[in-house]
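Everything on this sheet refers to the single structure shown next.
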Amino acid sequence: MRETHHDNPDPWLWLEDVDSDRALAWVRERNGESERELTALPGYTDLRARLKTILDSRDRIPYVGHHDGRFYNFWRDADHERGVWRRTTLAEYRKPLPAWETVLDLDALARDEAENWVWAGVAFLEPHGTRCLVSLSRGGGDAHVVREFDVAARAFVAGGFTLPEAKTSAGWIDEDLLFVATDFGPDSMTTSGYPRIVKTWRRGTPLDDATLVYEAQPDDLSVSAWHDPTPGYARQFVQRQIDFYTSDLFLRDPADGRLERIDKPQDANAFALRDQLIVELRSDWTLGARTWPQGALLAIGFDRFMEGSRDFEILFEPSPTTSLDGIAATRTALFLTILDNVKNRIVEWCRADGRWQRRDVQAPAMGALHVSGVDDYASDQVFLTVTDFLTPSSLYLMEAGSDGLEPLKSMPAFFDAAPYAVSQFAARSPDGTDVPYFVVMRKDAPLDGSNPTLLYGYGGFEVSLTPFYSGVTGTAWLDQGGAYVLANIRGGGEFGPRWHQAALKENRQKAFDDFLAVAEDLVRRGVTRPRHLGIMGGSNGGLLVGAALTQRPDLFGAVACQVPLLDMRRYHELLAGASWIGEYGDPDEPDEWDYIARYSPYQNVVADKRYPPVLFTTSTRDDRVHPGHARKMAARMREQGHAVLYWENTEGGHAGAANNEQTATMWAMTYAFLLSQLK
C-alpha cells in the first residue's frame, strides 16, 4: 500500500496532534493496558528495583567538565531526582569520595518555580569568566529556556540575559555580548524547526534590537555562530548548516561584521586550532594534481589557507578497515581516536619545528576508548575513558607526550562478568559486503539455537556503535540468560563516510539488508533461532527495526521499537524531520518516494501477515522525532489485529525518560516484555 497526499487518507492522522484531548486519552488507555500487562510479569518488580539501584548508584563515575580551575558535574541519584549541578577541585576529584560544592539544585529550583525543569546544559564565558548560560528544558524536549547564571554567587543574574523557550543556540562573545540564534518571531525558523537567523545581543538592550549577523535559507537546517577565545588566536565564526552533511563556514570580522567564506568543501567539517585549520573530509577533495581521500583529516596554517595556500599536512588517512572516531584538542596537541575494525586506538599529534609530529599512544588495547581535553586553553591533560561490554568503565588522566595513566575513577561491577565472553563475527550481506557484529553471551551457552538473543542496531547518520559497559543490559538481559548482539551495519560510521554513504537515500535498504543478514547469521551459527531472537532500536534504529519487522516477520520473536520514525510519507512534515531529507530522501519527490515507499513501515504493515509481538515506547515531550510515528503505527497494527503494546512517557524528550525513576520503569518494562516473549 502506498499513500499520497490525495490517496488513501490516513485514519490515524489525529494522533499527530500531540496534546489534544482525544490523542492523550488514547495514550492513557494504551499506557494503562501496557502497564497492567508488563508490570504483572514475573520478576518485573524486582528488576525495576534493581535497575533503579544501578541508576542511582553513588559509585557511578561522575564525569566532569573543566572551567577556570574547577571541575563541574551534573548528578542524579535517589536524593536528587532532577539533579544537582556541582563542582570540585582536581585534588578533591582524585579522592575516592570528593567534597562537592553545590552550584545549582535543580530539584529545589523546580519546586520553587513550580516548573518541570530538566537539565539541558551550560555554556561558560571562557576562559575565566564567572558567568554562564544555563539551559533548562520543560519535560526534557530539545526546546529550552536560557538564563544567565553567576557561578561565583551561585545564583541566576537578576536582569541578566534570558531567552524564552525555543530551540536556541547561544554563546558568549564577551561578558556583555552574545551570539544568539533563536525564534525571533515569524519566518525566523527553518522548515526543520531550528533557528535560521543569528544575531549579536548586547546586555541591557531588548532582544528585538539585536544586530543581524547572518540569515540562512528557510529550507536550510540551521544557523549558528561562536567566538573562539583562545588567547592569541581569538576568532569569530558563523556556520550555515545546509543539511546534516553540508555547511558553509565563515570567518567574521568583529569590527565590521564582514563575513569571509572559508573555502572548504561543503560536505567537509572544519575548525580552527590555534594557528591551524583542521579539515575533516567526507568525500574526495581534488586540489590541482593532488586528491585528498574521503575520510582524511588535514591540517594547514589558518592564515596561509585564507591567503590561498593549500599545501596540507595529512593527519589521518583511512584504510579499508579504519576510520576517524574522535578528535580532542589540548593546548599543544591533537589526539585522534581511530576505529580499526570497530576497535579503538589513539594517535597524538604535536606541532614542533613548524611541522606536525605523530606519536602512537600506548593505551589499553581493549573495547572502546574516548579522549576529551581537560582545558583547551592552558593544559595538555586529557581524560581517557576505557570501556567494553564486560569491563566496568574506567576514567584516567593523561598528559600529552606521555603514556602514563593516572587512574581517577572506575565504575563498579553491576553484574558478574565471569560467565560471559565477547566474540566478533561478520555476516555476509546480499551484495557481498561483510558486516561485523559483536556477540556477548555465556561461555557455556549451547549453540543449539535455544538462547534468548537481543539484536541491537542503528545504521544511520554516521553514528558508530562500539563496545560499552551497561549495568542495565548486564542485569536485565545477560543475567537472565540472554545473549546480546551489537550490529555494525552500513549507514553508521564504523568505517568512515563511505560506510555511511553506502546506505543513504535510495540505498537505505542496504542497512536493513545488513541487519537481516546479521540475524540470519546468528541463526546459522546456532546462537539462536527466530522464536528466541528479539530486535531493539531507537530513533533511526526504530525505523530499522520497523523495516525489519515488516520485511521479515518470520525472523523474529519480539520487537522493541523506541522513539521511532515509522511514517516515512510524512516524516519531513513533523518536527525536525525536514532536516533528515539528506539521509532518507524527500517523499514529496515522486522518484524518491518510490524507494522510500518500499520500506516505510507504516505503509507496509498489513493485516494478512503474522508479526511478532511489538512494544512501542516513546515520549509525549519528544520534540525531535514526533510521537505520532509510534502512536499511528501502534494504532494501525492494533486495528489489523496484531499483538502490540504501546507505552508513552509524558516527559523525557527524545531520550524517552527525564529522570532515573522513569528510566528504570521504561527499561524494566522493555526487558520484562522481551524476556516473556523470547525465553
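Does Gln424 count as loosely packed, with under 14 Cβ neighbours inside 10 Å and in a strand (DSSP E or B)?
When the stated conditions are applied, Gln424 does not pass them.
Any idea which of Arg86, Arg154, Arg138 is touching a Pro at 6+ places or on another chain (Cβ under 9 Å) and not aliphatic (A, V, I, L, M)?
Unique residue meeting the criteria: Arg86.
Looking at (1) within 20 Å of Asp623 (Cβ to Cβ); (2) modelled with pLDDT of 95 or more, can you tell me which one Asp150 breaks?
(1)
Just a yes or no: is a residue in the stretch 188-195 in contact with a helix residue (DSSP H, G or I) (Cβ under 8 Å, 6 or more places away or on another chain), farther than 18 Å from His144 by Cα and not β-branched (Val, Ile, Thr)?
no
Inside the stretch 53-91, can you point out the residues that are among the acidic types (Asp, Glu), surrounded by 15 or more Cβ atoms within 10 Å (Cβ to Cβ) and farther than 18 Å from Thr665 by Cα?
Within the stretch 53-91, just Asp68 meets the criteria.
For the stretch 453-487, what are the residues that are over 15 Å from the mean Cα position of the chain (by Cα) and either in a strand (DSSP E or B) or more than 15 Å from Phe389 (Cα to Cα) (or both)?
Thr453, Leu454, Leu455, Tyr456, Gln480, Gly481, Ala483, Tyr484, Val485, Leu486, Ala487
Every residue, every condition in (1) closer than 19 Å to Gly326 by Cα; (2) touching a Pro at 6+ places or on another chain (Cβ under 7 Å), yes or no:
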{"site": "Phe438", "(1), (2)": "no, yes"}
{"site": "Pro452", "(1), (2)": "no, no"}
{"site": "Ser464", "(1), (2)": "yes, no"}
{"site": "Tyr484", "(1), (2)": "no, no"}
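Working only within the stretch 487-514, note down all residues that are crowded, with 24+ Cβ neighbours inside 10 Å and on the phi > 0 side of the Ramachandran plot.
Answer for the stretch 487-514, where residues must be crowded, with 24+ Cβ neighbours inside 10 Å and on the phi > 0 side of the Ramachandran plot: Gly491, Gly496.
Which ones in the stretch 552-574 are among the aromatic types (Phe, Trp, Tyr) and either within 27 Å of Pro530 (Cβ to Cβ) or in a loop (DSSP other than H, G, I, E, B) (or both)? Spell out the reasoning first.
Looking only at the stretch 552-574, we keep the residues that are among the aromatic types (Phe, Trp, Tyr), and these are 556, 571.
Within the stretch 552-574, just Phe556 meets the criteria.
Filter the stretch 292-315 for residues that are among the small types (Gly, Ala, Ser) and crowded, with 18+ Cβ neighbours inside 10 Å; which is nearest to the chain's Cα centre (by Cα)?
The extreme case among them is Gly295.
Taking the stretch 132-181 as the search range and keeping residues that are among the small types (Gly, Ala, Ser), more than 26 Å from Val213 (Cα to Cα) and part of a strand (DSSP E or B), which one is farthest from the chain's Cα centre (by Cα)?
Among them, the one singled out is Ala155.
Mind listing whichever residues of the stretch 316-357 are charged (D, E, K, R), buried (at least 17 other Cβ atoms within 10 Å of the Cβ) and within 24 Å of Trp499 (Cβ to Cβ)?
Within the stretch 316-357, Asp325, Lys343, Arg345 meet the criteria.
Here is a check on your reading of the model: is Leu408 touching a residue at least 12 places away in the same chain (Cβ under 8 Å) and either part of a strand (DSSP E or B) or under 30 Å from Asn507 (Cβ atoms) (or both)?
yes
Hey, any hits in the stretch 209-218 for a residue that's at pLDDT 95 or above and under 14 Å from Ala170 (Cβ atoms)? Don't jump to the end; show me each part of the working.
Step one: filter the stretch 209-218 for residues at pLDDT 95 or above, giving 209-218.
If we keep only those that are under 14 Å from Ala170 (Cβ atoms) as well, we get 210, 213.
Taking every residue of the stretch 209-218 in turn, at least one turns out to be at pLDDT 95 or above and under 14 Å from Ala170 (Cβ atoms).
Is it the case that some residue within the stretch 575-585 is assigned to a helix (DSSP H, G or I), under 20 Å from Val644 (Cβ atoms) and in the same structural domain as Met669 (by TED's automatic domain parsing)?
No: the stretch 575-585 contains no residue that is assigned to a helix (DSSP H, G or I), under 20 Å from Val644 (Cβ atoms) and in the same structural domain as Met669 (by TED's automatic domain parsing).
Go through the stretch 358-374 and give me each residue that's crowded, with 18+ Cβ neighbours inside 10 Å and part of a loop (DSSP other than H, G, I, E, B).
Within the stretch 358-374, Ala363, Gly367, Val374 qualify.
Just one of Glu92, Glu126 is in contact with a Pro (Cβ under 7 Å, 6 or more places away or on another chain), without any contact (Cβ under 8 Å) to a residue 60 or more places away in the chain, of a type outside the set (S, T, N, Q) and on the phi < 0 side of the Ramachandran plot; which is it?
Within the list Glu92, Glu126, the selection yields Glu92.
Write out, first by first residue and then by second, each pair whose Cβ atoms fall under 9 Å of each other, whose residues are 6+ apart or on separate chains, and whose first residue, in the stretch 620-637, is polar (S, T, N, Q) while the second is buried (at least 24 other Cβ atoms within 10 Å of the Cβ).
Short answer, once both residue conditions are applied: Thr620/Pro627; Thr620/Glu648; Thr620/Asn649; Thr620/Gly652.
Just give me the residues in the stretch 637-662 being part of a helix (DSSP H, G or I) and modelled with pLDDT of 90 or more, in sequence order.
Answer for the stretch 637-662, where residues must be part of a helix (DSSP H, G or I) and modelled with pLDDT of 90 or more: Met637, Arg638, Glu639, Glu661, Gln662.
Report whether or not Glu494 is under 28 Å from Lys443 (Cα atoms) and assigned to a loop (DSSP other than H, G, I, E, B).
yes
Is it fair to say Asp586 is under 27 Å from the mean Cα position of the chain (by Cα) and in contact (Cβ under 8 Å) with a residue 40 or more places away in the chain?
When the stated conditions are applied, Asp586 does not pass them.
Considering only the stretch 508-527, I want to know if a residue exists there that is in the same structural domain as Gly628 (by TED's automatic domain parsing), in contact with a strand residue (DSSP E or B) (Cβ under 9 Å, 6 or more places away or on another chain), part of a helix (DSSP H, G or I) and among the aromatic types (Phe, Trp, Tyr).
yes
Looking only at the stretch 333-351, filter to residues that are touching a residue at least 24 places away in the same chain (Cβ under 8 Å) and β-branched (Val, Ile, Thr); which one of those is nearest to Thr321 (Cα to Cα)?
Val342
Only one of (1) under 19 Å from Leu544 (Cβ atoms); (2) within 22 Å of the chain's Cα centre (by Cα); (3) in a loop (DSSP other than H, G, I, E, B) is not met by Arg621, so which one is it?
Among (1) under 19 Å from Leu544 (Cβ atoms); (2) within 22 Å of the chain's Cα centre (by Cα); (3) in a loop (DSSP other than H, G, I, E, B), Arg621 violates only (1).
Working only within the stretch 37-58, note down all residues that are in contact with a strand residue (DSSP E or B) (Cβ under 7 Å, 6 or more places away or on another chain) and modelled with pLDDT under 95.
Within the stretch 37-58, Asp56, Arg58 meet the criteria.
The values are calculated or read from the model by the stated rules, or taken from the named source; none is laboratory data. Computed from a prediction, not measured in an experiment: that's the story for all the values here. Every residue, glycine among them, receives a Cβ derived from its backbone with ideal geometry; neighbour counts consider all protein chains shown.
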